[in-house]
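Colleague: Handing you this structure, nothing more for now.
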Amino acid sequence: MKKFDIAEHLHSEEDIRCFLQEVAETGTASDFVHAVGIAARAKGMTAVAAQAGVTRASLYKALSEDGQPAFETVFNVVKSFGLTLAVR
């Protein structure tokens, strides 16, 4: 049986926005960083890394389970999805 991978179901920027919004509203900071990594895989790590101004390898490392990404990295990755972070 194939393991479920939500990245395979994020086809548009709207899908990514809804996914990240849900995690931001219901999860922890760690959950959000993990969700950003899933969204980056869905969009394509190479493209996201280029748009975020980091190397593909450093993006994988930053968004890995043990990664501790800088806020700037998370912020730039979110921007690469065509989104902005907002406080309500």
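The values are calculated or read from the model by the stated rules, or taken from the named source; none is laboratory data. What you see is a predicted model; the values in this text were computed from it and never measured. Every residue, glycine among them, receives a Cβ derived from its backbone with ideal geometry; neighbour counts consider all protein chains shown. Ligands, DNA and RNA are stripped out before the accessible areas are found, and what is left, the full protein with its side chains, is counted by its heavy atoms. Shrake-Rupley method; radii C 1.70, N 1.55, O 1.52, S 1.80 Å.
Colleague: If you take every residue apart from ALA50 with its C-beta less than 14 Å away from the C-beta of ALA50, what net charge results, scoring Lys and Arg +1 and Asp and Glu -1?
Modeller: +3
Colleague: What lysines does LYS3 reach when the alpha-carbon gap must be under 23 Å and sequence neighbours fewer than 8 apart in one chain are set aside?
Modeller: LYS43, LYS61
Colleague: Moving on. Using mean Cβ contacts within 10 Å as the protection proxy, how do 80-88, 50-58 order, highest first?
Modeller: 50-58, 80-88
Colleague: Taking the Cα centre of the chain as the origin and placing charges on Cβ (Lys, Arg +1; Asp, Glu -1), which of SER12, SER80, HIS34 is farthest toward the positive end of the dipole?
Modeller: Positive-most Cα among the choices belongs to SER80.
Colleague: While we're here: Obtain the radius of gyration and the Kirkwood radius of the chain from its C-alpha atoms and give Rg over Rh.
Modeller: Result for the chain is an Rg/Rh of 0.94.
Colleague: What's the FRET efficiency of LYS79 with LYS2 using the Cβ-Cβ distance as r and R₀ = 41 Å, to the nearest 0.05?
Modeller: Efficiency, rounded to the nearest 0.05: 0.80.
Colleague: Which residue fluctuates the most in the chain, going by a Gaussian network model with Cα springs under 10 Å, if the choices are ASP15, ASP31, ASP66?
Modeller: Of ASP15, ASP31, ASP66, the most mobile in the Gaussian network model is ASP66.
Colleague: What percent do you get for the relative contact order of the chain when only Cα pairs under 8 Å and 6+ apart count?
Modeller: Across the chain, relative contact order equals 28 percent.
Colleague: I would also like to ask the following. Using +1 on the beta carbon of Lys and Arg, -1 on that of Asp and Glu, and nothing else charged, what's the dipole of the chain about the Cα centre, debye to 20?
Modeller: I would put it at about 240 debye.
Colleague: Ok, one more. Please state the relative contact order of the range 23-64 as a whole percent: Cα pairs under 8 Å, 6+ residues apart?
Modeller: 36 percent
Colleague: Percent of accessible area on the chain owned by carbon and sulfur, 1.4 Å probe?
Modeller: Roughly 55 percent of what the probe reaches on the chain is carbon or sulfur.
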